2 protein chains.
Amino acid sequence: MIGRLVIVHLAMFLIPRCAISQTDIDSTLLHRYGDTVQRFLEIGLREGQSYHMLKELTTVAGHRLSGSEGAERAVELTKNLMLGLGFENVHTEQVMVPRWVRGSVEECLLMDLKNHRAVPLSVCALGGSVATPEGGIEAAVIEVKSFEELASLGEAARGNIVLFNRPFDPGKLNTFESYVGAVDQRSRGAIEAAKVGAVAALVRSMTHAADDVPHTGMMNYDEEIPRIPAAAVSTRDADSLSVLLHQRQSVTLRLTLTCQTLPDVPSSNVIGEIRGSEHPEEIIVVAGHLDAWDKGTGAHDDGAGCVQAIEAVRLIKSLGLTPKRTIRAVMFMNEENGMRGAKAYPIAPERAGETHIAAMESDRGGFAPRGISVHDDSVALQKVRRWSVLFERLNAGTIQMGYSGVDIAPLKERGVHAFGLDVETHRYFDYHHSDNDTIDKVNPRELELGAIVEALFCYLVSEEGL
Amino acid sequence: MIGRLVIVHLAMFLIPRCAISQTDIDSTLLHRYGDTVQRFLEIGLREGQSYHMLKELTTVAGHRLSGSEGAERAVELTKNLMLGLGFENVHTEQVMVPRWVRGSVEECLLMDLKNHRAVPLSVCALGGSVATPEGGIEAAVIEVKSFEELASLGEAARGNIVLFNRPFDPGKLNTFESYVGAVDQRSRGAIEAAKVGAVAALVRSMTHAADDVPHTGMMNYDEEIPRIPAAAVSTRDADSLSVLLHQRQSVTLRLTLTCQTLPDVPSSNVIGEIRGSEHPEEIIVVAGHLDAWDKGTGAHDDGAGCVQAIEAVRLIKSLGLTPKRTIRAVMFMNEENGMRGAKAYPIAPERAGETHIAAMESDRGGFAPRGISVHDDSVALQKVRRWSVLFERLNAGTIQMGYSGVDIAPLKERGVHAFGLDVETHRYFDYHHSDNDTIDKVNPRELELGAIVEALFCYLVSEEGL
C-alpha cells in the first residue's frame with residue numbers, strides 16, 4: 001500500500017502541475033484575448049501611425065540633443081501629436097538639462113610629413129568632450145586594446161594621443177553584449193589616457209560595421225584627472241591607423257575639436273495617457289527618450305521608441321478598449337547625456353497619488369520585435385511568460401530575463417516592474433549614434449509591429465495585473 | 001479503492017508524460033551538443049564566409065537568369081568555391097534550361113494627349129512575356145482588383161490594357177501570405193486579361209513598399225489563350241494610375257517590350273559535400289538556387305541561400321566534425337522560371353544508390369533566422385521540435401509547420417523530409433525580383449547566422465536521424 005500511496009500522492013502533486021499546465025492557461029488567454037491580439041495586429045499593420053510620426057519627428061525636429069532647438073521642437077511636436085490623438089492629461093514636466101554643443105570644427109589629420117601632406121580621418125567629438133586648444137593638438141599616436149595595456153605602457157604614453165582600438169567581438173549573438181564589451185573605451189578612455197599623461201583620446205567607433213562613419217556617444221571625466229579631448233574614429237580609419245603603426249616607427253596626428261559645454265537649460269519630459277476605467281491611479285508607463293545624438297536624426301535611437309509609445313496608446317484607444325488601469329506614454333528627455341528626465345519623473349510633484357505598477361521601454365531600435373525582456377525577479381518572469389501564447393501570435397513570444405531601459409531604471413529602483421521591448425539586434429550598432437541613424441534604415445512594418453507588441457503588453461498588464 | 005486505482009492509473013499515465021518531458025530531453029541534448037552549438041555560433045560569426053562569398057557571387061556572376069552568361073559564371077564560381085574549400089564529390093549535373101531574354105526596350109508611356117506629352121512609368125517585362133508588336137501597343141487602361149471583377153466587365157475590357165492593382169494586404173504578419181494573396185495577378189494576369197480580349201496586362205509590383213521600382217517575376221500563358229505582353233509597374237505608378245482613372249474618363253498608355261524566348265540551352269546544378277563517416281549513402285541536402293532574376297543581383301533571392309548552403313558545409317568541416325551521414329550543398333539551377341534543376345536532380349543517374357533522408361532550403365532572403373519550418377507531417381515536427389533548446393541558443397527556436405522550398409519540392413514528393421530556413425520576412429518583398437535586391441541590403445551577421453542554423457540542423461539530422 002505504501003507504494004501505491006506514494007504514487008497517489010505523487011499523482012496529487014503532478015496532476016495540478018501538468019494538467020493545469022500552460023495548455024489550459026493558453027486556451028483561457030486565447031479565449032479572452034485572441035480576438036484582441038488579432039485586431040491589434042491587423043489594425044496596427046494596416047493603419048499604424050508609428051512610421052508616419054517618425055517621419056515627422058526626424059524631419060521637423062531633426063537631431064535633438066538635449067538643450068538644442070531640435071529637442072524643443074521634438075517636445076512641441078510630440079505634445080501636439082498626443083493632443084491631436086485625443087490623449088488625456090497631455091502635459092510637459094520641466095527638467096534642467098546639460099547642454100553640450102558640437103563645434104564647427106572636428107578634424108583629425110594624419111600628418112604625412114615625408115610627403116608633405118595631411119590626410120583627414122573620419123572622426124567626431126565624443127559627447128561631453130572638451131575642445132582642443134586653438135590650433136589643435138599635434139602628437140604621436142599609440143594604439144592600445146585595453147586599459148591594462150595602457151597602464152603597462154607607463155611613461156611611454158605621456159604626451160601622446162591614445163587610440164583605443166579594441167573592436168566589437170563579432171562572436172556574440174546579441175550585439176548589445178559586443179557593445180558592453182567595448183564601450184568602456186568610449187566612456188572611460190579619456191580618463192584612463194589622461195592618467196598616464198596622454199593629451200587626447202581617439203576611440204574606435206562602437207560598431208560591427210566596417211565603414212567610414214564615426215559613432216559618437218557619451219564620455220566621462222573624473223574630477224581628479226585632467227580633462228583631455230576625446231573623439232571617435234571610424235572603424236576603417238582605426239584599422240588603417242593600426243596597420244600604419246605596425247609599418248612605421250611613428251605616426252603623428254593633429255586633432256582639432258571646438259565643442260563646448262554651456263550652462264544647463266530647461267527642457268521637458270512629455271506625457272499623455274489613456275485613463276484607467278477602474279484604477280486610474282495605477283499607472284503603466286510605456287516609454288522612449290526624446291533626445292538623440294546630434295548625428296543622423298535619431299530614427300532608431302530613440303525616435304522609434306517614442307513613436308511606438310504614442311502608437312501603443314493610440315492603438316488601444318482606436319480599438320475602443322477601455323483599460324482598467326492608466327496607460328501612459330512618456331517621452332523622457334536627456335537619456336543620452338545625463339538622464340535628467342528619467343531622474344526627475346519619479347519625484348515630480350505630478351506623481352503624488354499615483355502608483356506605478358509597470359514600465360516598459362523601447363530603446364533598442366525599431367527592428368522586428370522578438371519578445372519582452374523582464375528586468376525583474378523570476379516571479380515576474382513567470383507571470384509574463386504565461387502570456388507567451390499571445391505574443392507568439394505577433395512573432396514576439398520570447399519572454400526572458402534581460403535589461404529594460406535606461407529611462408525607467410529610476411522607476412525600477414523604486415520597485416516598479418520594468419520591461420524592455422526585445423528586438424533583433426544585428427543592425428542596431430551599424431546606425432547607433434552616427435550619421436547612419438536615419439529613417440531610411442527603419443522598416444515600417446518592423447517599427448509598427450514593435451508598437452503592437454507594446455500595446456498588447458500594456459493592455460494585458462492593465463487587465464491582468466502583475 | 002476504485003477512486004484510488006483511477007488515480008494510480010492516471011499517475012502511471014501522467015508520470016512518463018511529465019517526468020520524461022522536454023526538460024530531460026533538453027539536458028541530454030545540451031550535454032551532447034551544447035558546446036558544438038556554441039562553437040558553430042562563435043566561429044560562424046567570427047570567421048563566417050557567407051558574406052564574402054555573396055559579394056563574389058553578386059559581383060563576378062552578377063544577375064544570372066537561367067541560360068545567361070551570368071548564370072554560367074555562377075556555376076563556375078560556386079563549383080570552384082567548393083573545390084577550394086576542400087568539399088568532396090564536387091561536380092555539376094547538366095540540365096537544359098529555358099532562356100528568356102529581357103529586351104533593350106521596356107517602356108510604358110502615359111499618353112497625355114491634352115498636354116502633348118508622354119510620361120514614362122516605371123515598368124519592366126514579366127519573365128516569360130512575349131514582346132509587343134513593333135512600335136508598341138497603345139490602348140486605354142482599365143483597372144481591376146481581381147479576376148472576378150475583370151470577368152464581370154465582359155466586353156468592356158476588349159482592346160484595353162488591364163491594370164491588375166490589388167495591393168499586398170499589410171495586415172498579415174508573414175509577408176509571404178501577402179505575396180500569396182496577390183501573386184495570382186502576376187502569374188495568371190495575362191491569361192485572364194487575354195480571355196476577355198485585352199491587349200496587354202500591367203501588374204502592380206509584388207511588394208509592400210511604396211516606391212518607384214518595378215518587380216519582375218514569372219508569368220504564365222495558357223496554350224488555349226492568345227499570348228499578350230505583360231509587365232510589372234511600380235506601386236507608386238500603379239497608385240498614380242488609379243487616381244488618374246478616377247479623375248478622367250480615359251487614360252491611354254503605350255507599352256513597348258522587346259523581350260523574347262530563345263531555344264533552351266544547357267546549364268547545371270552544382271554539388272559538393274562532406275561524406276558521411278558511417279552512412280555515406282544517406283544524404284542530407286542543404287540547398288539554394290543559383291539562378292536569379294535579371295534585376296538587381298539576386299543577393300537575397302537566392303544568392304543568400306546558395307552561399308549559406310556552402311557555408312553550412314564549410315562550418316561543419318572547419319569545426320573538425322565528422323558527420324555520420326553525407327551533408328550535401330546543392331545549388332539548383334532555374335528555380336525562377338522552370339524548376340528544371342529541381343526536377344532533374346532526383347532522377348539524375350548520380351542518384352543511384354543514394355538515399356535522401358532530409359532536404360533543407362534557404363530561399364526567403366538572408367535575414368535574421370527565426371527557426372525552421374517543417375514541411376512534413378506532425379511526427380517530423382515533433383521530432384525536430386525536440387531540438388528547440390539548441391536552436392534557441394541561436395535565436396532560432398521557432399520550429400513550426402510551414403513551407404520548405406521550391407527546389408526541394410520534387411524531393412519531398414518522393415518522401416524526403418523537407419525543411420525551410422525560417423527568417424524575418426518584413427523586408428523581403430521590398431527587394432524581391434527588383435533592382436533593390438543587391439548586397440547592400442544584406443546584413444552580414446543575419447546572413448551568417450542563417451548559415452549557422454543550417455549547419456546545426458544538418459549536423460543534428462546527421463547524428464540523430466529523423
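The values are calculated or read from the model by the stated rules, or taken from the named source; none is laboratory data. The structure displayed is predicted, hence computed values, not measured ones. Here the Cβ positions follow ideal geometry from the backbone for every residue, glycine too, while neighbour counts run over all protein chains shown.
Meeting the requirement of 1 or more residues that are in contact with a helix residue (DSSP H, G or I) (Cβ under 6 Å, 6 or more places away or on another chain) and closer than 22 Å to B:Leu245 by Cβ, the strands (runs of 3 or more DSSP E) wholly within segment B:100-209 are B:117-121, B:137-144, B:161-164, B:200-204.
Only one entry of B:Glu138, B:Glu149, B:Glu155 meets the criterion of being surrounded by 13 or more Cβ atoms within 10 Å (Cβ to Cβ) and out of contact with any strand residue (DSSP E or B) (no Cβ under 8 Å at 6 or more places or on another chain), and that entry is B:Glu149. In segment B:36-63, the qualifying residues are those that are within 14 Å of chain A (Cβ to nearest Cβ) and free of Cβ contacts under 8 Å to residues at least 40 places away in the same chain, and the one that is farthest from B:Ile439 (Cα to Cα) is B:Glu42.
Given the criteria in contact with a strand residue (DSSP E or B) (Cβ under 7 Å, 6 or more places away or on another chain) and modelled with pLDDT of 95 or more, does A:Ala352 qualify? Spelling it out, it is not the case that A:Ala352 is in contact with a strand residue (DSSP E or B) (Cβ under 7 Å, 6 or more places away or on another chain) and modelled with pLDDT of 95 or more. Of the set (1) crowded, with 16+ Cβ neighbours inside 10 Å; (2) within 14 Å of chain A (Cβ to nearest Cβ), all apply to B:Gly276 but (2).
As an exercise: evaluate B:Ser27 against (1) touching a residue at least 24 places away in the same chain (Cβ under 8 Å); (2) more than 14 Å from chain A (Cβ to nearest Cβ) and give the number of the one condition it does not meet. Condition (1) is where B:Ser27 drops out. Summed over segment B:449-466, the residues that are away from every other protein chain (no Cβ under 13 Å) and closer than 19 Å to A:Arg427 by Cβ give a count of 1. Of all residues in segment B:97-127, those satisfying the criterion of being under 28 Å from the mean Cα position of the chain (by Cα), among the small types (Gly, Ala, Ser) and surrounded by fewer than 22 Cβ atoms within 10 Å (Cβ to Cβ) are B:Gly103, B:Ser104, B:Ser122. Residue by residue through segment B:399-448, note down the ones that are under 28 Å from A:Val442 (Cβ atoms), away from every other protein chain (no Cβ under 13 Å) and of a type in the set (A, V, I, L, M). Passing the criteria: B:Leu421, B:Ile439.
For residues that are without any contact (Cβ under 8 Å) to a residue 40 or more places away in the chain, under 22 Å from the mean Cα position of the chain (by Cα) and more than 14 Å from chain A (Cβ to nearest Cβ), tally how many sit in segment B:167-193.
Step one: filter segment B:167-193 for residues without any contact (Cβ under 8 Å) to a residue 40 or more places away in the chain, giving B:169-173, B:177, B:180-185, B:187, B:191.
Going one step further and asking which of them are under 22 Å from the mean Cα position of the chain (by Cα), we end up with B:169-173, B:177, B:180-185, B:187.
Subsequent filtering for residues that are more than 14 Å from chain A (Cβ to nearest Cβ) retains B:180, B:182-185, B:187.
The qualifying residues number 6.
The residue pairs whose first member lies in segment A:353-377 and is at positive phi, whose second member is in a strand (DSSP E or B), and whose beta carbons are closer than 8 Å, counting only pairs six or more residues apart or on different chains, are A:Gly353/A:Glu281; A:Gly365/A:Val423; A:Gly371/A:Thr398; A:Gly371/A:Ile399; A:Gly371/A:Gln400; A:Gly371/A:Asp422. Reported count of residues in segment A:372-387, each being crowded, with 21+ Cβ neighbours inside 10 Å and farther than 20 Å from A:Ala409 by Cβ, is 1.
Of all residues in segment B:274-300, count the ones that are among the small types (Gly, Ala, Ser) and under 21 Å from B:Phe419 (Cα atoms).
Restricting attention to segment B:274-300, the residues satisfying the condition of being among the small types (Gly, Ala, Ser) are B:276-277, B:287-288, B:292, B:296, B:298-299.
Subset that is under 21 Å from B:Phe419 (Cα atoms): B:276, B:287-288.
Going through segment B:274-300 one residue at a time, the tally reaches 3.
Here is the figure for segment B:66-96: residues that are buried (at least 16 other Cβ atoms within 10 Å of the Cβ), of a type outside the set (Lys, Arg) and assigned to a helix (DSSP H, G or I) total 9. Summed over segment B:238-297, the residues that are in a loop (DSSP other than H, G, I, E, B) and among the polar types (S, T, N, Q) give a count of 5. Here the condition is being more than 10 Å from chain A (Cβ to nearest Cβ), assigned to a helix (DSSP H, G or I), under 30 Å from B:Ile347 (Cα atoms) and over 17 Å from the mean Cα position of the chain (by Cα); of B:Val384, B:Val389, it holds for B:Val384 alone.
Can you confirm whether A:Tyr428 is in the same structural domain as A:Met360 (by TED's automatic domain parsing), modelled with pLDDT of 95 or more, surrounded by fewer than 21 Cβ atoms within 10 Å (Cβ to Cβ) and of a type in the set (Phe, Trp, Tyr)? So A:Tyr428 does not fit the description; no.
Scoring A:Asn337 on the criteria (1) surrounded by fewer than 19 Cβ atoms within 10 Å (Cβ to Cβ); (2) in contact with a Phe, Trp or Tyr (Cβ under 9 Å, 6 or more places away or on another chain); (3) closer than 30 Å to A:Glu134 by Cβ; (4) not basic (Lys, Arg) leaves a single failure, condition (1).
Here segment B:194-248 is the region considered, the condition is being crowded, with 22+ Cβ neighbours inside 10 Å and of a type in the set (D, E, K, R), and the residue that is nearest to the chain's Cα centre (by Cα) is B:Arg204.
Within segment B:340-381, how many residues are of a type in the set (Asp, Glu), outside any loop (DSSP other than H, G, I, E, B) and under 22 Å from the mean Cα position of the chain (by Cα)? Number satisfying all stated conditions: 1.
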